[in-house]
Amino acid sequence: MRDFHRSSRMVVFNLSMLAVLALAGCGGGGDDSNPGNASSPNSVAGADQLYTDPVAYATDGTAALPSATENAAVTHHNITLGGQAVSYTATAGHLTASAPAVAGQPQDQEVSFFYVAYTLDGQPLGTRPVTFFYNGGPGSSTIWLHLGSWGPKTLQVDEASLTPAALATQPASFPLIDNDVTMLNDSDLVFVDATGTGYSEAIAPHKNADFWGVDADAAAFRDFIAEYVKVNNRQTSPKYLYGESYGGIRTPVLARLIEEAGSPGQGGPALSGIIMNSPILSYKTNCDGSADFLYGGSANCVGFFPSYAAVAYSRNKGSNPNQLLLSDYVNGSRQFATQKYAPADAAFQTWVSANNFANYGTPYAPPDTTLLPALAGWSGIGTSDWANTFDMDPDTFSGAILGMDSSHMDAYNGLVNTPANTTYGGSNYNNLAFANQIKSFLPQFLGYSSQTAYAVEPNAPIDQWNWNHGDDKSNSPSSIPDLLEVLTLHPDLKVVVFGGYHDLRTPFHQTELDLAGAGLTATVPVKIFPGGHMIYLTQASRAPMKQAIDGFYSGASTVH
Amino acid sequence: MKSLHAPAIMAIVAAVMCVSSSSAAEYALSVPDAGAARLIKVGDMLPKPPPDEPGTSRPELRGQALRNQAIGNLKKRFDAAADPSTHLLSLADAKAAGFGYVADHFKEIDRNGSGYISFADLVLYLKSRKGPAFNKDS
């Protein structure tokens with residue numbers, strides 16, 4: 001029996017369950033009996049139901065649960081939203097994702113997904129949105145969005161004020177506070193952990209590795225969402241996706257699958273909007289890896305240039321004689337990148353690859369002698385740095401601007417670095433604190449206890465990931481065709497991209513270039529804020545980003 | 001030209017796969033040639049895929065080629081659901097194939113009310129909605 005009480009269909013179909021539900025403290029409001037007027041149950045009747053999960057979860061590729069249940073811990077909380085005291089329900093547990101039904105065949109249970117849902121009580125389901133959140137990796141749990149971004153409780157971090165001294169040792173904790181910019185006023189929030197992360201695991205005869213691939217992963221998420229919608233009677237609710245990082249691949253693929261599958265019932269919308277936070281839309285164009293032309297690919301690093309400029313500006317290393325503000329400085333660098341750096345980098349590519357890369361390692365002297373000083377001026381590093389690495393990758397840039405080994409740079413936020421004598425990588429500065437927090441947050445706030453440790457970011461998924469996508473058998477998937485297709489099926493689908501100025505992993509300008517190449521510049525706005533990959537970890541950007549999110553939810557469609 | 005890098009890159013991939021997990025960042029060596037080592041961060045969030053297997057690389061498509069790819073993918077899905085000899089799709093076929101989008105809009109797509117739609121019918125319908133695969137100005 002399911003422990004949570006939102007399934008009005010259960011109440012209608014099986015009156016004897018009412019007694020059981022009442023005993024378990026699950027009682028719902030009278031509205032539950034009519035799906036057409038369904039509203040989420042009021043918390044007054046519900047007591048907290050803690051859950052100690054007896055199942056042991058494993059993250060290796062061959063792991064599989066023998067079977068799965070849909071149990072969850074349910075707790076009730078209060079919060080003040082917009083000056084009003086309201087109540088919400090938190091649900092932490094598992095739902096079974098099953099492959100779409102095939103007539104005459106038994107149900108194919110794929111993955112037992114772990115999720116944490118925050119739902120405002122007493123809301124009319126036909127208008128109350130529900131948003132599904134996931135981080136990326138691939139192979140990351142959704143701990144970062146769950147505890148760092150828009151949930152009702154959040155870890156207090158301000159990357160803009162993290163000095164190297166503060167990171168001499170890896171922080172063990174950050175304060176856990178009430179979130180004054182929680183998205184709970186905009187939408188119900190469901191944070192979902194991908195297969196083999198968190199407490200999500202495949203169900204035999206499937207195994208975890210079966211879902212470690214671009215297409216299989218997205219299909220499993222589609223099937224989780226279908227189950228969540230069915231069990232919680234959200235067919236008529238506006239549904240949104242919020243994906244981060246590798247979520248830029250997952251989201252368009254998942255959105256296409258959801259739109260192709262059509263209305264989940266009662267004429268409700270399949271999907272209303274998608275938000276992509278610091279996405280990678282294509283591995284073919286991001287130069288930070290084997291896709292760069294120096295390694296046999298076709299990408300170049302021009303897309304990183306405005307991010308270098310932003311980092312230089314905010315580290316007070318850029319040349320800024322006109323004292324431009326950050327956004328104007330970055331606009332100038334973008335224009336320079338388009339008009340000067342891009343053609344020069346193309347010429348460099350021809351020069352360096354000639355005669356079997358005979359010129360590799362030789363400093364490059366571009367014909368335009370103003371170019372090296374201009375590159376240096378915008379980016380805050382030296383002309384010799386640019387001559388030596390004219391197609392400037394983020395790792396080389398990081399080392400140059402820090403003046404120490406690039407491992408000290410937080411590649412997710414070029415303003416954050418560890419001091420010279422530390423041994424842990426700058427990009428990992430927040431791992432320990434988040435991992436520590438989830439250990440107590442799950443049982444203490446959410447009532448969910450497990451004998452297994454929550455898998456924050458296991459290595460197995462990325463090591464075994466199948467990067468193929470449809471007919472594309474390369475290891476460089478792109479979700480651009482999926483984005484084009486989903487917008488063709490549903491032209492009014494709301495789409496927005498949020499980027500951080502100082503992100504050196506998924507640079508915002510590369511996303512701009514990818515969208516421009518697809519003719520989607522007018523359709524998909526890219527909104528940039530001070531901050532890194534996890535924009536929301538920069539304190540000053542939280543309220544402006546939340547304002548943009550509020551506008552996104554309340555708007556009828558993205559401005560075209 | 002590209003074969004110059006392949007053996008080094010294969011060694012890199014092997015090295016990446018063997019790196020054990022730890023809380024510190026993980027590194028793999030990327031060596032375009034023997035002399036110039038460049039460290040690339042892997043592990044943790046957004047690790048990078050291995051290089052493409054020889055012969056599998058595909059460019060990022062743009063413009064009409066991209067639109068054609070999106071339409072081609074849609075056609076494949078349509079054909080998979082449709083009758084294999086007539087290439088026509090009924091409402092029941094659409095539902096059975098999980099192509100709920102077509103089922104939801106069947107009446108609008110089936111303009112002559114025959115109970116069957118062709119891919120051309122679907123294309124006409126999508127064109128009328130002016131989505132980006134059919135609208136160069138989007």
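The values are calculated or read from the model by the stated rules, or taken from the named source; none is laboratory data. All values reported here derive from a predicted model rather than from experimental measurement. Positions of Cβ are generated from backbone atoms using ideal geometry, with glycine treated the same way; all protein chains shown enter the neighbour counts.
Please verify whether A:Gly303 is assigned to a helix (DSSP H, G or I) and surrounded by 23 or more Cβ atoms within 10 Å (Cβ to Cβ), treating the condition exactly as stated. In short, yes. Taken together, the residues in the stretch A:530-543 that are under 18 Å from the mean Cα position of the chain (by Cα), not polar (S, T, N, Q) and not in a loop (DSSP other than H, G, I, E, B) amount to 4. Here the stretch A:226-271 is the region considered, the condition is being in contact with an Asp or Glu (Cβ under 6 Å, 6 or more places away or on another chain) and not in a loop (DSSP other than H, G, I, E, B), and the residue that is farthest from A:Ala194 (Cα to Cα) is A:Arg256. Here A:Lys546 does not fit the description of being buried (at least 18 other Cβ atoms within 10 Å of the Cβ), within 20 Å of the chain's Cα centre (by Cα), closer than 20 Å to A:Pro269 by Cα and touching a residue at least 24 places away in the same chain (Cβ under 8 Å). Scanning the stretch A:204-218 for residues that are crowded, with 20+ Cβ neighbours inside 10 Å, touching a residue at least 60 places away in the same chain (Cβ under 8 Å) and among the aliphatic types (A, V, I, L, M) turns up A:Ala209, A:Val214. Might you let me know whether the stretch A:321-339 holds any residue that is outside any helix (DSSP H, G or I) and in contact (Cβ under 8 Å) with a residue 40 or more places away in the chain? Within the stretch A:321-339, none of the residues are outside any helix (DSSP H, G or I) and in contact (Cβ under 8 Å) with a residue 40 or more places away in the chain. Scanning the stretch A:439-455 for residues that are in contact with a strand residue (DSSP E or B) (Cβ under 8 Å, 6 or more places away or on another chain) and under 19 Å from A:Leu145 (Cα atoms) returns A:Phe441, A:Leu442, A:Pro443, A:Phe445, A:Leu446, A:Tyr448, A:Tyr454, A:Ala455.
Kindly indicate whether A:Lys439 is within 29 Å of A:Gly198 (Cβ to Cβ), charged (D, E, K, R), at pLDDT 95 or above and not assigned by TED's automatic domain parsing to the domain that holds A:Leu515. Even if it seems obvious, please write down each step before you answer.
Working: within 29 Å of A:Gly198 (Cβ to Cβ): yes; charged (D, E, K, R): yes; at pLDDT 95 or above: yes; not assigned by TED's automatic domain parsing to the domain that holds A:Leu515: yes.
In short, yes.
For the stretch A:477-499, which positions are in a strand (DSSP E or B) and either more than 8 Å from chain B (Cβ to nearest Cβ) or acidic (Asp, Glu) (or both)? Can you show your working first?
Looking only at the stretch A:477-499, we keep the residues that are in a strand (DSSP E or B), and these are A:478, A:494-499.
Across the stretch A:477-499, the qualifying residues are A:Lys494, A:Val495, A:Val496, A:Val497, A:Phe498, A:Gly499.
How about the stretch A:275-309: which of its residues are more than 7 Å from chain B (Cβ to nearest Cβ), among the polar types (S, T, N, Q) and closer than 26 Å to A:Leu487 by Cα? Passing the criteria: A:Asn277, A:Ser278, A:Asn286. The selection criterion, being small (Gly, Ala, Ser), touching a Leu at 6+ places or on another chain (Cβ under 7 Å), in a helix (DSSP H, G or I) and not assigned by TED's automatic domain parsing to the domain that holds A:Phe508, does not hold for A:Ala354.
Could you identify the single residue in A:Ala220, A:Ala194 that is part of a helix (DSSP H, G or I) and either at pLDDT 95 or above or touching an Asp or Glu at 6+ places or on another chain (Cβ under 6 Å) (or both)?
Values: A:Ala194 fails: part of a helix (DSSP H, G or I).
Result of the check over A:Ala220, A:Ala194: A:Ala220.
In the set B:Asp79, B:Asp83, only one residue is surrounded by fewer than 20 Cβ atoms within 10 Å (Cβ to Cβ), free of Cβ contacts under 8 Å to residues at least 60 places away in the same chain and in contact with a His (Cβ under 7 Å, 6 or more places away or on another chain); that residue is B:Asp79.
Just need a number here: residues in the stretch A:469-481 that are surrounded by 18 or more Cβ atoms within 10 Å (Cβ to Cβ) and more than 18 Å from the chain's Cα centre (by Cα).
Of the stretch A:469-481, the ones surrounded by 18 or more Cβ atoms within 10 Å (Cβ to Cβ) are A:469, A:472, A:474-481.
Restricting the remaining residues to those that are more than 18 Å from the chain's Cα centre (by Cα) gives A:469, A:472, A:474-476, A:481.
Residues meeting the conditions: 6.
Looking only at residues that are at positive phi and either surrounded by 20 or more Cβ atoms within 10 Å (Cβ to Cβ) or of a type in the set (S, T, N, Q) (or both) in the stretch A:336-363, which one is nearest to the chain's Cα centre (by Cα)? Quick ask: steps written out before the conclusion?
The initial filter retains those residues of the stretch A:336-363 that are at positive phi, namely A:355-357, A:361.
Narrowing the set further to residues that are either surrounded by 20 or more Cβ atoms within 10 Å (Cβ to Cβ) or of a type in the set (S, T, N, Q) (or both) leaves A:355-356.
Values: A:Asn355: 42, A:Asn356: 40 Å.
Looking at the filtered set, the residue picked out is A:Asn356.
Taken over the stretch A:142-191, the criterion of being surrounded by fewer than 23 Cβ atoms within 10 Å (Cβ to Cβ), of a type in the set (Asp, Glu) and out of contact with any helix residue (DSSP H, G or I) (no Cβ under 6 Å at 6 or more places or on another chain) is satisfied by A:Asp178, A:Asp180.
Residues in the stretch A:437-481 that are of a type in the set (Lys, Arg) and without any contact (Cβ under 8 Å) to a residue 12 or more places away in the chain: A:Lys473 only.
What residue, of A:Ser263, A:Ser272, A:Ser319, is at pLDDT 95 or above, within 13 Å of another protein chain (Cβ to nearest Cβ) and out of contact with any Leu (no Cβ under 6 Å at 6 or more places or on another chain)? Spell out the reasoning first.
Numbers: A:Ser272 fails: within 13 Å of another protein chain (Cβ to nearest Cβ); A:Ser319 fails: within 13 Å of another protein chain (Cβ to nearest Cβ).
Unique residue meeting the criteria: A:Ser263.
Given the criteria surrounded by fewer than 19 Cβ atoms within 10 Å (Cβ to Cβ), more than 10 Å from chain B (Cβ to nearest Cβ), part of a helix (DSSP H, G or I) and charged (D, E, K, R), does A:Lys527 qualify? In short, no. Only one of the numbered conditions (1) more than 28 Å from A:Ala64 (Cβ to Cβ); (2) among the small types (Gly, Ala, Ser); (3) within 22 Å of the chain's Cα centre (by Cα); (4) part of a loop (DSSP other than H, G, I, E, B) is violated by A:Gly139, and that is (1).
Quick one: would you say B:Asp93 is part of a helix (DSSP H, G or I), charged (D, E, K, R) and more than 14 Å from chain A (Cβ to nearest Cβ)? Full working, then the answer.
On the way: part of a helix (DSSP H, G or I): yes; charged (D, E, K, R): yes; more than 14 Å from chain A (Cβ to nearest Cβ): no.
No: the conditions fail for B:Asp93.
Could you check the stretch A:272-300 and list, in sequence order, the residues that are assigned to a loop (DSSP other than H, G, I, E, B) and in contact with a Cys (Cβ under 7 Å, 6 or more places away or on another chain)? Result: A:Cys287, A:Asn300.
One residue alone among A:Thr285, A:Thr350 is of a type in the set (Ser, Thr, Tyr) and free of Cβ contacts under 8 Å to residues at least 24 places away in the same chain, and that residue is A:Thr350.
With the requirement that a residue be without any contact (Cβ under 8 Å) to a residue 40 or more places away in the chain and either over 17 Å from A:Glu260 (Cβ atoms) or surrounded by 23 or more Cβ atoms within 10 Å (Cβ to Cβ) (or both), what does the stretch A:482-509 give you? Even if it seems obvious, please write down each step before you answer.
Of the residues in the stretch A:482-509, the ones without any contact (Cβ under 8 Å) to a residue 40 or more places away in the chain are A:484, A:487-488, A:491.
Matches in the stretch A:482-509: A:Leu484, A:Leu487, A:Thr488.
Run down A:Pro419, A:Pro461, A:Pro366 and say which single residue is surrounded by 18 or more Cβ atoms within 10 Å (Cβ to Cβ) and in a loop (DSSP other than H, G, I, E, B). Give the steps one after another, and end with the answer.
Numbers: A:Pro419 fails: surrounded by 18 or more Cβ atoms within 10 Å (Cβ to Cβ); A:Pro461 fails: in a loop (DSSP other than H, G, I, E, B).
Of A:Pro419, A:Pro461, A:Pro366, the one residue that is surrounded by 18 or more Cβ atoms within 10 Å (Cβ to Cβ) and in a loop (DSSP other than H, G, I, E, B) is A:Pro366.
When the stretch A:233-263 is filtered for residues that are at positive phi and of a type in the set (Gly, Ala, Ser), the ones remaining, listed by number, are A:Ser245, A:Gly262.
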